[in-house]
Amino acid sequence: QVQLVESGGGLVQPGGSLRLSCAASGSSFRLFRMGWYRQAPGQQRELVATISSPGTTNYADSVKGRFTISRDNAENSVYLQMNSLKFEDTAVYYCNAARRVLNNQYDYWGQGTQVTVSS
């Protein structure tokens, strides 16, 4: 099993920056694809960014050029640097760990951290 603990959320003005952190338990961190997802009230959870163990990244079009995902396998951690924040970035942000084994996929989620962009 994998447990994920998030931190770094808060209140920020438009145009500001935040850095989210996610600490993972276990000894197989490098086997997981890590990601950040977000969910606003009344909306579906959506992908923000993912990163593989070799470092390949993928971003939603809405955040590309503003957000940067990174990971440190030695510390079992993944980060999301968020710059130039907009009102529409307001959401609960969730850390995700995913692993594919044969025809099965296993997903683990953090508790979520609130990000509020407001003037």
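The values are calculated or read from the model by the stated rules, or taken from the named source; none is laboratory data. All values reported here derive from a predicted model rather than from experimental measurement. Cβ: placed from backbone, ideal geometry, glycine included. Neighbour counts: every protein chain shown. Keep in mind that these areas ignore ligands, DNA and RNA; they rest on the heavy atoms of the full protein, side chains included. Shrake-Rupley method; radii C 1.70, N 1.55, O 1.52, S 1.80 Å.
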>> Using a 1.4 Å probe on the protein heavy atoms, what percent of the accessible area of region 11-111 belongs to carbon and sulfur?
In response: 46 percent
> Given labels modelled 7 Å from the Cα in the Cβ direction, how far is it in nm from TYR106 to GLU46?
Replying inline: 3.1 nm
>> Let me check I've understood the local charge: for TYR106, count other residues with C-beta under 10 angstrom from its C-beta, Lys and Arg +1, Asp and Glu -1. What total comes out?
In response: +1
> Counting other Cβ atoms within 10 Å, which GluC sites (Glu not before Pro) in region 6-109 have at most 16 and lie in a DSSP loop?
Replying inline: none
> In debye, nearest 20: dipole of the chain around its Cα centre with unit charges on the Cβ of K, R (+) and D, E (-)?
Replying inline: 220 debye
> With θ set to phi - 60° and the Karplus curve 6.51 cos²θ - 1.76 cosθ + 1.60, what are the ³J(HN,Hα) couplings of region 27-37 in order, to the nearest whole Hz, using x for Gly and Pro?
Replying inline: 10, 10, 4, 5, 7, 9, 7, 9, x, 10, 10
> What number comes out for the charge environment of GLN43, summing +1 per Lys or Arg and -1 per Asp or Glu over other residues with Cβ under 14 Å away?
Replying inline: -1
>> What is the sum of charges, Lys and Arg at +1 and Asp and Glu at -1, for the other residues whose Cβ falls under 13 Å from the Cβ of MET34?
In response: 0
